[in-house]
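So the structure is just underneath, and the comments pick up after that.
The values are calculated or read from the model by the stated rules, or taken from the named source; none is laboratory data. Please read these numbers as outputs of a predicted model, since none were measured by experiment. Cβ placement follows ideal geometry from the backbone for every residue including glycine, while neighbour counts extend to all protein chains displayed. For accessibility, only protein heavy atoms count, side chains too; no ligands or nucleic acids. Shrake-Rupley method; radii C 1.70, N 1.55, O 1.52, S 1.80 Å.
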Amino acid sequence: MMTTYLTVDDGLKRSLGYLPDDDALDSSDEERMKTALKGAENYVQGAIGDDADESFYKSDSVFELYKLAVNAIATNWFLHPSTAVSSTTAKQIIGQLRGTYDESKVVNDDGATSKLGQTNL
C-alpha cells in the first residue's frame, strides 16, 4: 500500500492559484484536490519503486523533487481530468528520482538488495 506524504496545502493549492485558506474553494474542489493528490502520489511512488519507503521520500535530497513531481501531476489531473497524462517535467523528475533511488540500493553477494549503509549478517 502506498503512503501519502503530502497534503493539498503542501503546494497543490498554490499551484492551482489558491491560497491555503481561500474562500473561493468549496468542499467539492477540496475533495477533487485530495483525490488528485493521492492519485499523483501513488503514480510517482509506483514509478520510482514500490519498495522505496519514507526514509527515501523524506530525505533532504529527494523530498522537494518528489513534492514538485506530485504537485505537477495532481495539478494537471485537477485541471484536465478527462485528458490528463503526466507532464514532461513530471516524467523527467520521476526519472531523476528513480535513478537516485537505484543508487541508494546495494546488491549483496547473494543477489538480494539492501539500502546503502545497511549490513546484512
Item to check | Cβ pairs under 8 Å, 6+ apart, first in segment 43-57 and touching a residue at least 12 places away in the same chain (Cβ under 8 Å) and under 19 Å from residue 72 (Cβ atoms), second open to solvent by 40 Å² or more (accessible area, probe 1.4 Å) and part of a helix (DSSP H, G or I) | outcome: 47/98; 48/98; 57/63
Checklist entry - Within segment 90-121, how many residues turn out to be in contact with a helix residue (DSSP H, G or I) (Cβ under 9 Å, 6 or more places away or on another chain), modelled with pLDDT of 70 or more and either open to solvent by less than 80 Å² (accessible area, probe 1.4 Å) or among the basic types (Lys, Arg) (or both)? => result 10
Item to check | Restricting segment 44-55 to residues that are at pLDDT below 90 and crowded, with 19+ Cβ neighbours inside 10 Å, the residue that is farthest from residue 104 (Cα to Cα) | outcome: 48
Checklist outcome for this item: Going through (1) touching an Asp or Glu at 6+ places or on another chain (Cβ under 8 Å); (2) under 23 Å from residue 100 (Cβ atoms) one by one, residue 11 fails only at (1)
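For residues in segment 73-89 being more than 14 Å from residue 45 (Cα to Cα) and outside any loop (DSSP other than H, G, I, E, B), which is modelled with the lowest pLDDT? Show your work before the answer.
Going residue by residue through segment 73-89, those that are more than 14 Å from residue 45 (Cα to Cα) are 75-85, 87-89.
Narrowing the set further to residues that are outside any loop (DSSP other than H, G, I, E, B) leaves 75-79, 88-89.
Working: 75: 93, 76: 90, 77: 89, 78: 93, 79: 91, 88: 77, 89: 74.
Here the answer is 89.
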Next on the checklist: Just to be sure I understand, how many residues within segment 1-41 are assigned to a loop (DSSP other than H, G, I, E, B), of a type in the set (Gly, Ala, Ser) and crowded, with 18+ Cβ neighbours inside 10 Å?
Outcome noted: 1
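Please work out if residue 63 is open to solvent by less than 60 Å² (accessible area, probe 1.4 Å), touching a Gly at 6+ places or on another chain (Cβ under 9 Å) and not small (Gly, Ala, Ser). Spell out how you get there, then give the answer.
Values: open to solvent by less than 60 Å² (accessible area, probe 1.4 Å): yes; touching a Gly at 6+ places or on another chain (Cβ under 9 Å): no; not small (Gly, Ala, Ser): yes.
No; evaluated as a whole, the condition is false for this residue.
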